[in-house]
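Visitor: Mind looking over this structure? Questions follow.
The values are calculated or read from the model by the stated rules, or taken from the named source; none is laboratory data. Note that this is a predicted model, so its numbers are computed, not measured. Every residue, glycine among them, receives a Cβ derived from its backbone with ideal geometry; neighbour counts consider all protein chains shown. The area values use the complete protein model at the heavy-atom level, side chains included, leaving out ligands, DNA and RNA. Shrake-Rupley method; radii C 1.70, N 1.55, O 1.52, S 1.80 Å.
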Amino acid sequence: MFDNDMKPVVGIDLGTTFSCIARWDGRQPDVYKNKVGDLTTPSVVYYDERRGWVIGRLAIRLGSQNPENAVFNIKRHMDDANHKVSLGNQEYNPIDISSKTLSALTDDVYAKYPSGTFEIEGVVVTVPYYFTTMQRRNTQEAAEQTGLHVLGIIEEPTAAALAFSLEHKFTPEPQKVLVFDLGGGTFDITIFQVTELSDKILFEVLSSGGDCRLGGVDFDDCITQHCVEFFQNEYGIDPLNVDSEKDRAKARSLVREMANTAKEDLSAMDDTLIQIPNWLPGKHLEQEITRTEFESLINPWVEKITKITENTIETAGLRGRDLNIVLAAGGSSKIPQMRNLIQEITGKEPFQTDPDLHIAQGAAIYAAILDGRIEDGKEVEVINRTSHSLGVGTDSGRFEVLIPANRPAPTKAKKVFYTTKTEEDIDVYEGSAATIDKNTKIGTVKVRGIKPPDDLYITFEVSRNREISVLIKGTDIFETKTLTG
């Protein structure tokens, strides 16, 4: 028998702005509260020599006074392990900072029990479906860096659909399900065909789309700019562009927190008041903002979200009315304008229990499935698609695509390249741009001992679980490399 109380498996939603941890309690997912009694924890990391590492709500407050010691929105940089942030005279990359958030979540759980009596036996961490191979790999490395036993990585829309399936059973007849996941820093939209059979739930991805740098923090920035313009009209000063670097950083931190609060207020109210005492020394901000004004401010982002949503539905070969179920996930999906957008495109009211929690809940369910903890549980099978195009870089900087985006996995493709060199470094890229400088490099295959002139046959293969293999053959050459998805 499994001990789901003292030796549980957990699911973690590692979010851009908020994170959440849940366990499988034997019957259903149960979300843990953190040490201050909240179900979600801000993904904000703070460090100073006196306090050490601080994560969460207190990190936001401390960061508003000492912004140089705080890191916000690190998930937006998970595609670049070389991105550096400085804290306490040391440099850290996104993997390091993300591991601090993961450690804080699990440490809060361990603190609830006497030392040595409790142990997390496995974890599943979530990622957006639209994440690249590099972003998925770096997320897993962050979890492993904490010392957790990683059972697996699950895409956020799949986790959301799993949480939904616990209370609302799918049918033996295939159903078209759209998951609209708009969080603090990323937008992810995925369309599944879901079939619930006697022994398994089958999720077949029909299409996916999104933007890894679009979310609630962009809406906060819109409110911030609105406040700056109001302040400039009042005092003739841009508070984010004053000479003092310390005053600039503090002003930016203060308005970031107030903009986020205003955004949340306007999901429930028609208007709210933004107050920032001493935004600059001796100069205060007091400004009303209405929901109508907010919607006008974020309209360029809404147009982008609308286009991505419509294109994803079209790519699946569907129309909005063909969808059976629409699920809304992510905290920013609670904004009324987003619910209206979904209804206008699909003609359906989105199902939304608690979008802040159910991705972590779905991850906990998946952890229990992987660990064999659900008695008579159904297997979960996901038929994936490539979320980005895969290819190689050329000497001219072009992106030569071998496998296009939205190709069902497993899949395979081959191209031949002519070379006059005795050695080649074949750089593998993932993305949608025509040039490599705008895509993500996910690996390099070094080819040596070429006898020019020669043809190099490059084969890409994507497995069912999105593992990428590269095979390169020449006259006397045979090189392979696997890139974990």
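Visitor: How many residues does the stretch 152-169 hold that are open to solvent by less than 20 Å² (accessible area, probe 1.4 Å) and under 17 Å from the mean Cα position of the chain (by Cα)?
Guide: Here the count works out to 9.
Visitor: So which residues in the stretch 435-447 are open to solvent by less than 90 Å² (accessible area, probe 1.4 Å) and more than 17 Å from T132 (Cβ to Cβ)?
Guide: Correct list: V445, V447.
Visitor: Every residue in the stretch 85-108 that is farther than 25 Å from N260 by Cα and not in a helix (DSSP H, G or I), please.
Guide: G88, N89, Q90, E91, Y92, N93
Visitor: Show the residue pairs that are 6+ apart or on different chains and have beta-carbon atoms under 8 Å apart, the first residue being within the stretch 197-221 and among the polar types (S, T, N, Q), the second being open to solvent by less than 10 Å² (accessible area, probe 1.4 Å) and in a strand (DSSP E or B).
Guide: Between residues of the stretch 197-221 that are among the polar types (S, T, N, Q) and residues that are open to solvent by less than 10 Å² (accessible area, probe 1.4 Å) and in a strand (DSSP E or B), the close pairs are S207/T190; S207/I191; S208/D188; S208/I189; S208/T190; S208/I191.
Visitor: Could you check how many residues of the stretch 281-303 are in contact with an Asp or Glu (Cβ under 6 Å, 6 or more places away or on another chain) and touching a residue at least 40 places away in the same chain (Cβ under 8 Å)?
Guide: Residues in the stretch 281-303 being in contact with an Asp or Glu (Cβ under 6 Å, 6 or more places away or on another chain) and touching a residue at least 40 places away in the same chain (Cβ under 8 Å): 2 in total.
Visitor: Kindly check whether there is at least one residue in the stretch 37-45 that is at pLDDT below 90, open to solvent by less than 70 Å² (accessible area, probe 1.4 Å) and farther than 20 Å from A259 by Cα.
Guide: Keep residues of the stretch 37-45 that are at pLDDT below 90, which gives none.
No; the residues of the stretch 37-45 include none that is at pLDDT below 90, open to solvent by less than 70 Å² (accessible area, probe 1.4 Å) and farther than 20 Å from A259 by Cα.
Visitor: Check R61, R50, R76, R27 and return the single one that is over 26 Å from K250 (Cα atoms) and either free of Cβ contacts under 8 Å to residues at least 24 places away in the same chain or assigned to a helix (DSSP H, G or I) (or both).
Guide: R27
Visitor: Do you know which of the residues in the stretch 366-400 that are within 21 Å of P157 (Cβ to Cβ) and of a type in the set (D, E, K, R) is most open to solvent (accessible area, probe 1.4 Å)? First the steps, then the outcome.
Guide: We begin by selecting, within the stretch 366-400, every residue within 21 Å of P157 (Cβ to Cβ); these are 366-370, 374, 377-390.
Going one step further and asking which of them are of a type in the set (D, E, K, R), we end up with 378-379, 381, 385.
Numbers: K378: 67, E379: 98, E381: 39, R385: 41 Å².
By that ranking, first place goes to E379.
Visitor: Follow-up question, since we're still on this one. If N311 meets every condition in (1) in contact (Cβ under 8 Å) with a residue 12 or more places away in the chain; (2) under 30 Å from K412 (Cα atoms); (3) loosely packed, with under 15 Cβ neighbours inside 10 Å; (4) over 21 Å from the mean Cα position of the chain (by Cα) apart from one, which number is that one?
Guide: Only one criterion in (1) in contact (Cβ under 8 Å) with a residue 12 or more places away in the chain; (2) under 30 Å from K412 (Cα atoms); (3) loosely packed, with under 15 Cβ neighbours inside 10 Å; (4) over 21 Å from the mean Cα position of the chain (by Cα) is unmet by N311, namely (4).
Visitor: Among the numbered conditions (1) open to solvent by 10 Å² or more (accessible area, probe 1.4 Å); (2) in contact with a Pro (Cβ under 7 Å, 6 or more places away or on another chain), tell me where Y129 comes up short.
Guide: Evaluating Y129 over (1) open to solvent by 10 Å² or more (accessible area, probe 1.4 Å); (2) in contact with a Pro (Cβ under 7 Å, 6 or more places away or on another chain) leaves (1) as the failure.
Visitor: Being within 23 Å of the chain's Cα centre (by Cα) and either surrounded by fewer than 19 Cβ atoms within 10 Å (Cβ to Cβ) or aliphatic (A, V, I, L, M) (or both) is the filter here; which residues of the stretch 315-332 pass it?
Guide: T315, A316, I325, V326, L327, A328, A329
Visitor: Could you name every one of the strands (runs of 3 or more DSSP E) located completely within the stretch 437-485 that has at least 1 residues being at pLDDT 90 or above and closer than 23 Å to T420 by Cα?
Guide: Where strands (runs of 3 or more DSSP E) fall fully within the stretch 437-485 and carry at least 1 residues being at pLDDT 90 or above and closer than 23 Å to T420 by Cα, they are 440-447, 454-462, 468-473.
Visitor: Here's something else I'd like to know. Limited to the stretch 416-434, what total is found for residues that are more than 23 Å from the chain's Cα centre (by Cα) and either β-branched (V, I, T) or open to solvent by 60 Å² or more (accessible area, probe 1.4 Å) (or both)? So that I can check it myself, show each step before the final result.
Guide: Quick first cut of the stretch 416-434, residues more than 23 Å from the chain's Cα centre (by Cα) only: 416-427, 434.
From what is left, the residues that are either β-branched (V, I, T) or open to solvent by 60 Å² or more (accessible area, probe 1.4 Å) (or both) are 416, 418-423, 425-426, 434.
Looking only at that region, the number is 10.
Visitor: Continuing with this model, one more query. Out of all the residues in the stretch 334-341, is one or more among the charged types (D, E, K, R), surrounded by fewer than 20 Cβ atoms within 10 Å (Cβ to Cβ) and over 19 Å from G15 (Cα atoms)? Reasoning before the result, please.
Guide: Let us first name the residues in the stretch 334-341 that are among the charged types (D, E, K, R), namely 334, 339.
Next, from what is left, pick out any that are surrounded by fewer than 20 Cβ atoms within 10 Å (Cβ to Cβ): 334, 339.
Add one more test, that the residue is over 19 Å from G15 (Cα atoms), and what stays is 339.
Checking the stretch 334-341: at least one residue is among the charged types (D, E, K, R), surrounded by fewer than 20 Cβ atoms within 10 Å (Cβ to Cβ) and over 19 Å from G15 (Cα atoms).
Visitor: Here is a follow-up. Of everything in the stretch 463-478 that's open to solvent by less than 20 Å² (accessible area, probe 1.4 Å) and within 13 Å of V428 (Cα to Cα), which residue is farthest from the chain's Cα centre (by Cα)?
Guide: This residue is I472.
Visitor: Which residues, taken from the stretch 401-415, are open to solvent by less than 40 Å² (accessible area, probe 1.4 Å) and not hydroxyl-bearing (S, T, Y)?
Guide: Within the stretch 401-415, the subset open to solvent by less than 40 Å² (accessible area, probe 1.4 Å) is 402-403, 406, 409, 411, 413.
Residues satisfying the conditions are L402, I403, N406, A409, A413.
Visitor: Same structure again: Which one is least open to solvent (accessible area, probe 1.4 Å), of the residues in the stretch 170-196 that are farther than 28 Å from T132 by Cβ and either aliphatic (A, V, I, L, M) or in contact (Cβ under 8 Å) with a residue 60 or more places away in the chain (or both)?
Guide: E196
Visitor: Could you name every one of the strands (runs of 3 or more DSSP E) located completely within the stretch 143-230 that has at least 2 residues being of a type in the set (D, E, K, R)?
Guide: 175-182, 187-196, 200-211
Visitor: Could you pull out the residue among N138, N82 that is outside any loop (DSSP other than H, G, I, E, B) and either open to solvent by 70 Å² or more (accessible area, probe 1.4 Å) or more than 18 Å from N34 (Cα to Cα) (or both)?
Guide: Values: N82 fails: outside any loop (DSSP other than H, G, I, E, B).
Only one candidate qualifies: N138.
Results for (1) closer than 30 Å to N406 by Cβ; (2) at pLDDT 95 or above; (3) among the hydrophobic types (A, V, I, L, M, F, W, C); (4) open to solvent by less than 10 Å² (accessible area, probe 1.4 Å), shown as yes or no for each residue.
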{"position": "R61", "(1), (2), (3), (4)": "no, no, no, no"}
{"position": "F72", "(1), (2), (3), (4)": "no, no, yes, no"}
{"position": "S86", "(1), (2), (3), (4)": "no, no, no, no"}
{"position": "N89", "(1), (2), (3), (4)": "no, no, no, no"}
{"position": "N93", "(1), (2), (3), (4)": "no, yes, no, no"}
{"position": "L102", "(1), (2), (3), (4)": "no, yes, yes, yes"}
{"position": "D108", "(1), (2), (3), (4)": "no, yes, no, no"}
{"position": "G116", "(1), (2), (3), (4)": "no, no, no, no"}
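Visitor: For the stretch 200-246, enumerate the residues that are out of contact with any strand residue (DSSP E or B) (no Cβ under 9 Å at 6 or more places or on another chain), more than 22 Å from E68 (Cα to Cα) and open to solvent by less than 50 Å² (accessible area, probe 1.4 Å).
Guide: F219, C222
Visitor: In the stretch 386-415, which residue that is over 16 Å from T435 (Cα atoms) and outside any strand (DSSP E or B) is nearest to the chain's Cα centre (by Cα)?
Guide: For the stretch 386-415, the residue satisfying everything is S387.
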